[in-house]
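The values are calculated or read from the model by the stated rules, or taken from the named source; none is laboratory data. Here the structure is a predicted model, which is why all the values come from computation and not from measurement. Note: ideal-geometry Cβ built from the backbone for every residue, glycine included; neighbour counts use all protein chains shown. Surface accessibility is based on the protein's heavy atoms, side chains included, excluding ligands, DNA and RNA. Shrake-Rupley method; radii C 1.70, N 1.55, O 1.52, S 1.80 Å.
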Amino acid sequence: MTFMEFTREIYWNVGHGAGTLVPMYALTLVAIAVFAWGFLQRLKVYRLGKPLNRSDNSGARIVGLLKDVLLQTKVMTVRGPGIAHGLFFWGFFLLFIGTCLIFLQADFTDLFFDIKFLKGTFYLYFSLVLDLAGLVAVVMLAGLFVRRYLVRPEGLETTKDDAIMHGLLFAILLTGFFIEGARMAVTELGSPLASWSPVGLVFARGMVFLGEESLKSLHVGLWWFHMLLVVGFIMLVPFTKFRHILTTSANYFFVDQGPKGNLTTLDLEDEAAETFGVTQVSELTWKDIFDTDACTQCKRCQDRCPAHTTDKPLSPMKVVNQIGEVAFNSPGDNLVETVSRDALWACTTCLACQEICPASIEHVNKIVDMRRNMVLMEGEFPGEEVMAAAEHVEVNGNPLGLGYASRGDWAEAVGVKELADDPDVDILYFVGCYASFDKRNIKIATSFVKLCQAAGLKVGILGKEEKCCGDPVRKIGNEYLYQSLAAENIELIKSYNVKQIVTTCPHCFNTLNKDYRDLGFSLPVEHYTVFLEKLVTKGSVKLRKDSFDCTYHDSCYLGRHNDIYEQPRVLLDVAGARVVEMDQNQSEGFCCGAGGGRILAEENLGERINNKRVGMAAETGAKMLVSNCPFCLTMFEDGIKGLGMEESMVSKDIAEILVERLS
């Protein structure tokens with residue numbers, strides 16, 4: 001056999017006549033019909049949800065889908081099981097491509113045009129790649145099997161679907177190698193071609209003792225058995241977790257391309273609306289229901305949820321699966337009752353679940369929508385203290401219950417005026433409630449102003465005219481109060497000739513920069529760390545570099561919600577910081593516990609989230625815990641006191657560190 005003649009007979013020993021092709025394609029058509037029927041049944045359930053446009057900007061969506069599917073980018077963000085799954089996918093995908101090429105030649109190009117492309121050098125590498133791909137797939141599947149059934153990490157739920165998936169995939173892969181081995185034992189042993197199928201060669205050598213006739217009988221029997229396994233696989237996809245092959249991939253196309261973490265702004269003036277928020281499946285969007293089919297129950301969201309890891313009854317994974325169970329089995333059930341109030345109130349909306357999810361599932365909006373129904377339709381709150389805080393916001397524009405007239409009193413000490421008295425300013429500092437009233441956080445406000453003044457900038461505030469941005473009440477579910485506050489703030493700010501808005505609170509920044517956009521607000525808004533980093537880089541603010549050690553906490557609403565990680569670290573570096581990072585930092589940072597309106601609520605279940613984060617900071621050995629958020633600072637100071645660490649750790653804001661180093 002010459003080099004160019006290397007090839008093989010594709011339907012060797014099975015035959016390429018009607019006796020093979022008719023039943024083979026008949027079974028394939030049956031499998032496709034069952035596959036399509038199964039997904040059509042699920043499509044009917046998706047359609048129970050409200051309409052939602054997730055097909056705009058289709059070009060970018062297709063690019064994102066191809067990247068996340070073919071490169072397994074989201075899956076492989078977690079090492080270990082992520083890499084194993086990625087390698088398994090690539091192995092199985094190559095086998096699928098190889099199978100398609102075989103059918104293309106055997107039943108189309110060769111049959112109708114006498115064209116064979118599986119020959120010569122191409123065929124040699126084709127055989128080698130497919131053999132190694134099959135080996136990788138088997139080894140990775142075995143690794144995933146060991147993890148699920150022998151090692152079994154805490155919280156990893158295993159169902160009969162998992163057994164079906166592992167068993168069927170193992171059977172398909174191994175029968176493929178046995179078929180190859182039987183064929184090679186008869187046709188290729190001793191030839192140069194055999195070495196290009198190294199795994200098949202091992203099987204062939206182990207089977208050659210059976211003799212030619214027995215090998216042929218075994219080969220044809222296994223060939224049809226393998227065919228039936230593949231047909232069964234196709235038919236089972238819609239009815240088992242196999243469906244994630246399509247639904248997770250499709251979810252990459254349906255991803256929310258709007259501002260990260262943004263919530264739907266309710267039309268509270270819709271006279272046709274009978275309810276607000278969600279308690280029934282029909283009140284969800286179709287995407288919310290589709291998400292439940294995309295979930296692979298990998299538990300990544302659960303592992304990173306600050307509420308779950310501090311022994312609270314919330315698991316983002318279970319919330320998604322409970323919604324799916326109701327949607328597909330009992331769509332009339334009350335979702336709030338199914339998920340449970342304690343689970344819903346425990347969420348800090350930190351976005352850790354969505355950031356790590358390999359299936360692009362949107363957990364937070366589902367939770368907030370159910371909260372909205374409890375608050376707006378039932379008048380329920382997670383506690384009396386939250387109800388009181390909401391009342392304080394309505395009356396005084398802040399949740400602390402302090403008189404609105406004193407909101408700007410802190411500014412007199414640094415010579416800052418309210419816009420009502422002097423509207424000619426370089427920037428409007430939207431102070432927020434905590435930096436306006438809380439003595440500890442007022443230090444951050446004055447520090448920021450002094451840094452701006454050092455750059456020659458004139459700062460103005462709204463003072464007594466400013467209202468709470470609305471973030472805490474919105475995330476707790478009170479959309480009506482949020483929109484009332486937002487409308488007042490927007491109208492007020494528009495009445496002044498403001499050029500630029502800066503906030504020291506990531507929650508204010510996120511709300512003004514994203515949520516207010518839905519209500520017609522368009523002015524540029526920056527968090528102070530981004531604003532100051534520009535001033536420092538330009539040399540407008542000159543700092544002394546005094547060395548110190550610290551650990552830095554990424555605020556969820558600055559980090560995960562807005563992907564701002566670099567600028568705060570640049571400022572710390574300029575100030576002389578040697579930052580010792582906590583294990584969970586940047587996009588995997590652990591929440592302080594105050595988001596999602598939890599700053600207003602007592603934490604009565606499980607371990608306190610702020611205590612856990614302070615403990616993580618202490619493990620670094622650093623004596624200073626630095627943050628960039630008034631909520632985080634408040635939570636950390638409480639955590640340090642609660643853990644009795646006043647003598648060994650101090651909590652500071654970046655602005656305080658910078659102002660101490662002004663030249």
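Does any residue of region 44-65 turn out to be in contact (Cβ under 8 Å) with a residue 60 or more places away in the chain, outside any helix (DSSP H, G or I), crowded, with 16+ Cβ neighbours inside 10 Å and not charged (D, E, K, R)?
yes
Restricting attention to region 511-527, which residues are assigned to a loop (DSSP other than H, G, I, E, B) and under 23 Å from the mean Cα position of the chain (by Cα)?
LYS514
Just one of (1) under 25 Å from TYR123 (Cα atoms); (2) aliphatic (A, V, I, L, M); (3) in a helix (DSSP H, G or I) trips up LEU169, so point out which.
(1)
Starting from region 375-397, take each residue that is under 22 Å from SER340 (Cα atoms) and list its partners that are surrounded by fewer than 19 Cβ atoms within 10 Å (Cβ to Cβ) and of a type outside the set (A, V, I, L, M, F, W, C), counting only C-beta distances under 7 angstrom and pairs at least six apart or across chains.
As it stands, the answer is LEU376/TYR480; MET377/THR275; GLY383/GLU602; GLU385/GLU602, since those pairs meet every condition given.
Look at ASP333 and say whether it is open to solvent by 10 Å² or more (accessible area, probe 1.4 Å), over 30 Å from ARG79 (Cα atoms) and not in a helix (DSSP H, G or I).
Yes.
Of all the residues that make up region 296-314, how many are buried (at least 24 other Cβ atoms within 10 Å of the Cβ), within 15 Å of the chain's Cα centre (by Cα) and outside any helix (DSSP H, G or I)?
Residues flagged as buried (at least 24 other Cβ atoms within 10 Å of the Cβ), within 15 Å of the chain's Cα centre (by Cα) and outside any helix (DSSP H, G or I) within region 296-314 amount to 2.
In region 182-194, which residues are open to solvent by 30 Å² or more (accessible area, probe 1.4 Å), of a type outside the set (Val, Ile, Thr) and either on the phi > 0 side of the Ramachandran plot or modelled with pLDDT of 95 or more (or both)?
Once the filter is applied, which keeps residues that are open to solvent by 30 Å² or more (accessible area, probe 1.4 Å), of a type outside the set (Val, Ile, Thr) and either on the phi > 0 side of the Ramachandran plot or modelled with pLDDT of 95 or more (or both), region 182-194 yields only GLY190.
Each row is one residue, and each column tells you yes or no for (1) within 29 Å of the chain's Cα centre (by Cα); (2) on the phi > 0 side of the Ramachandran plot.
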| site | (1), (2) |
| --- | --- |
| ASN321 | yes, no |
| GLY324 | yes, no |
| PRO331 | yes, no |
| THR349 | yes, yes |
| GLN354 | yes, no |
| CYS357 | yes, no |
| MET387 | no, no |
| VAL393 | no, no |
| ALA405 | no, no |
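Evaluate the following for LEU532: is it open to solvent by less than 10 Å² (accessible area, probe 1.4 Å), touching a residue at least 60 places away in the same chain (Cβ under 8 Å) and within 20 Å of ASN398 (Cβ to Cβ)?
No: the conditions fail for LEU532.
Could you grab me the full set of residues in region 201-228 that are polar (S, T, N, Q) and open to solvent by 70 Å² or more (accessible area, probe 1.4 Å)?
SER217
It is to be established whether one or more residues within region 249-262 are more than 30 Å from ALA487 (Cα to Cα) and either at pLDDT below 95 or of a type in the set (Ser, Thr, Tyr) (or both).
So far as region 249-262 goes, yes, one or more of its residues are more than 30 Å from ALA487 (Cα to Cα) and either at pLDDT below 95 or of a type in the set (Ser, Thr, Tyr) (or both).
Going by the structure shown, is TYR11 open to solvent by 40 Å² or more (accessible area, probe 1.4 Å) and among the aromatic types (Phe, Trp, Tyr)?
So TYR11 fails the test.
Go through region 446-469 and report how many residues are free of Cβ contacts under 8 Å to residues at least 60 places away in the same chain and in contact with a Phe, Trp or Tyr (Cβ under 6 Å, 6 or more places away or on another chain).
2
Tell me, yes or no, whether region 416-438 has at least one residue that is more than 38 Å from the chain's Cα centre (by Cα), more than 30 Å from VAL278 (Cβ to Cβ) and surrounded by 23 or more Cβ atoms within 10 Å (Cβ to Cβ).
So far as region 416-438 goes, yes, one or more of its residues are more than 38 Å from the chain's Cα centre (by Cα), more than 30 Å from VAL278 (Cβ to Cβ) and surrounded by 23 or more Cβ atoms within 10 Å (Cβ to Cβ).
Return a yes/no flag: does region 490-509 have any residue that is part of a loop (DSSP other than H, G, I, E, B), open to solvent by less than 20 Å² (accessible area, probe 1.4 Å) and under 23 Å from GLY258 (Cα atoms).
yes
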